[in-house]
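Visitor: My questions all concern the structure below.
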Amino acid sequence: MNDSLDPRVNRLRLDKNDGSFKVEEGENWNVFEVFHQEKRGAHHEHVGCVHAPDANLALIFAKEQFGRRKKCVNLWVVRSADILAFDLDDEDMFANNPDKTYRDASGFKVMEKINKFIAHTK
Amino acid sequence: MQIQQALQELITKMADDELVIGHRNSEWTGLGPVMEEDIAFSSMAQDKIGHALAFYRLLQEHFGGTDPDQFAFLRNAADFKCCHFVEMPIGSYEFSLMRHFLFDHAETVRYQALALSKFAPFQHLAGKAKGELKYHTLHADAWIIQLCTAGKDSRERMQSALDNSFQLAGGIFEPGPAEELLIAEEIYPGEAALYKQWLSHISPVIEKAGLVLPEMTAPVYGGRTGKHTPYLQQLLNEMGEVFRLDPEATW
């Protein structure tokens, strides 16, 4: 027996248990990840998420959630469920990274050379 | 009536529409159907009040008007020139959304006309509001289509919201006094012209949403001449309550 007062629960008509149950398009809202671009050509950076019935409205919501304070020229939204990610248990694949310092690009001391060049051209 | 006076009437009615609908829509703050929509709707309500302020400043700077805050908060209903449509209580969310859709498309055609006006300050003002209005109508159109295609109950509620709003929306286009002076000077194209443009803006969305556009049989006029519903004075009392405690206070 369903005696909930929540319309989101009631509209499911859980007590009408005849086995058939259809979720209408747009009825089930999704979470969308939002990516913010500060200027043209810059990377889109992940800033958070919105809850919306479809991608179109997710973009509309994202504009006010994430695009109204800082400078913004563009936004992306992606359904969170469409993102493929490693399992948290697979974290060990990255475990030895800190040991492999030979992969760090920081070994190249180019800034010194660049600064020297700038000073030279001035 | 002189052209200066006709221009002031025009600015006042446009400003009052913006202020009153901005206040009404802000009444949804904290009560919106979902958090994201609450924020979006509140944010657009703030934009409306910003548009009103820009118009009140024009009155102050070009026509020797009073301080915008005083003008907004201290007048009585009879001095307001807004249409009845914006005065109506927020009602159900479908009514508020439908009003947002119908009003913001009207606002868009109005601003498009202002962008071409021979009165230069209008051009500047229209340029500033353009991006905001683009978002407002995008938001409105998306919701109208979304809700009208979300099942029978939803579509019927949207249709009745449209039926209940349409004659009121006609009141946005109540002709102003001495409008022909403004038309002759190419300051403003006149309400009849804007009404036609408005229909051509809303019709494709109405059609896509599967709604039936009612006939405009009895547009609700009166607001432009200071005749209002009792809802306006009520709104003004509430809106100006804090301001009237000390009108000289600096914030």
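Where a number appears in this text, it was derived from the coordinates with a stated rule and is not lab data. In this text, all values refer to a predicted model and were calculated from it rather than measured experimentally. Don't worry about glycine lacking a Cβ; one is built from the backbone with ideal geometry, like all the others, and counts go over all protein chains shown.
Visitor: For the stretch B:154-251, which trypsin sites (Lys or Arg not before Pro) pass both filters: DSSP loop (anything but H, G, I, E, B) and at most 13 other C-beta atoms within 10 Å?
Guide: Those satisfying the criteria are B:K227.
Visitor: Under 19 Å Cα-Cα from B:K118, which aspartates and glutamates qualify once same-chain neighbours fewer than 8 residues away are excluded?
Guide: B:E9, B:E61, B:E107, B:E179, B:E180, B:E185, B:E186, B:E191
Visitor: Hey, what number do you get for chain B at 222 nm if only DSSP H runs of n ≥ 4 count, each worth -39500 (n - 2.57), divided across all residues, to the nearest 500?
Guide: Values: 11 runs with 174 residues, N = 251.
The helix-only estimate for chain B comes to -23000 deg cm²/dmol at 222 nm.
Visitor: Given B:K130/B:K208; A:K70/A:K122; A:K100/A:K122; A:K70/A:K113; A:K39/A:K116; B:K196/B:K227, which pairs have Cα atoms separated by over 32 Å?
Guide: On the way: B:K130/B:K208 24 Å; A:K70/A:K122 35 Å; A:K100/A:K122 39 Å; A:K70/A:K113 34 Å; A:K39/A:K116 30 Å; B:K196/B:K227 25 Å.
Distance filter (> 32 Å) returns A:K70/A:K122; A:K100/A:K122; A:K70/A:K113.
Visitor: Here is a further query. Based on the alpha-carbon gyration tensor of the stretch B:1-87 and its eigenvalue square roots a ≥ b ≥ c, which shape applies: rounded if a/c is under 1.5, prolate if not and a/b is larger than b/c, or oblate?
Guide: Working: a/c = 2.65, a/b = 2.25, b/c = 1.18.
Taking the square roots of the gyration eigenvalues as a ≥ b ≥ c, the stretch B:1-87 is prolate.
Visitor: Under 8 Å for C-alpha pairs, at least 6 residues apart: give me the relative contact order for chain B, rounded to a whole percent. All intermediate terms of the calculation are to be shown ahead of the outcome.
Guide: Details: 321 pairs, mean separation 66.3, N = 251.
Once normalised by length, the contact order is 26 percent.
Visitor: Please average, across the residues of B:141-151, the number of beta carbons from any other chain that are within 10 Å of each residue's own beta carbon, and give a whole number. Mind showing how you got there, number by number?
Guide: Working: counts 2, 8, 3, 0, 2, 7, 2, 0, 3, 5, 4.
The per-residue average across the peptide is 3.
Visitor: Please state the charge dipole magnitude for the stretch B:70-162, taken about the Cα centre, from unit charges on C-beta atoms (+1 on K and R, -1 on D and E), reported in debye and rounded to the nearest 20.
Guide: Working: 11 positive and 9 negative charges, 62 e Å.
That gives a dipole near 300 debye.
Visitor: Label A:A119 and A:I83 with points 7 Å out from Cα along Cα→Cβ: what is the distance between them in nm?
Guide: It works out to 4.4 nm between the two label points.
Visitor: Next question, about the same structure. For the protein assembly as shown, state what percent of all Cα-Cα pairs lands in each successive 20 Å bin, counting from 0 Å until the bin that includes the largest distance.
Guide: Histogram of Cα-Cα distances, whole percents per bin: 23, 47, 21, 9, 0.
Visitor: Pull up the cross-link candidates among the lysines for B:K128, meaning alpha carbon to alpha carbon under 16 Å and not fewer than 8 places away within one chain.
Guide: Within the straight-line limit of under 16 Å, B:K128 reaches these lysines: B:K48.
Visitor: A further question on this structure: Please report, in Å, the Rg and the Dmax of the stretch A:24-121, where both are computed over Cα atoms only.
Guide: Taking only Cα atoms of the stretch A:24-121, I get Rg and Dmax of 20.4, 68 Å.
Visitor: Return the FRET efficiency for the residue pair A:T101, A:E38: r is the Cβ-Cβ distance, R0 is 25 Å, and the value is rounded to the nearest 0.05.
Guide: According to the calculation, E is roughly 0.20.
Visitor: Viscosity 1.567 mPa s, temperature 4 °C: give me the Stokes-Einstein translational D for the stretch B:40-137 in µm²/s, with Rh taken as the Kirkwood radius over C-alpha pairs. Don't skip to the answer; put the middle values down first.
Guide: Numbers: Rh = 14.8 Å.
It diffuses with D of about 88 µm²/s by this estimate.
Visitor: Right, next: Cα-based Rg of chain B per 2.2 N^0.38 Å, rounded to two decimals?
Guide: 0.98
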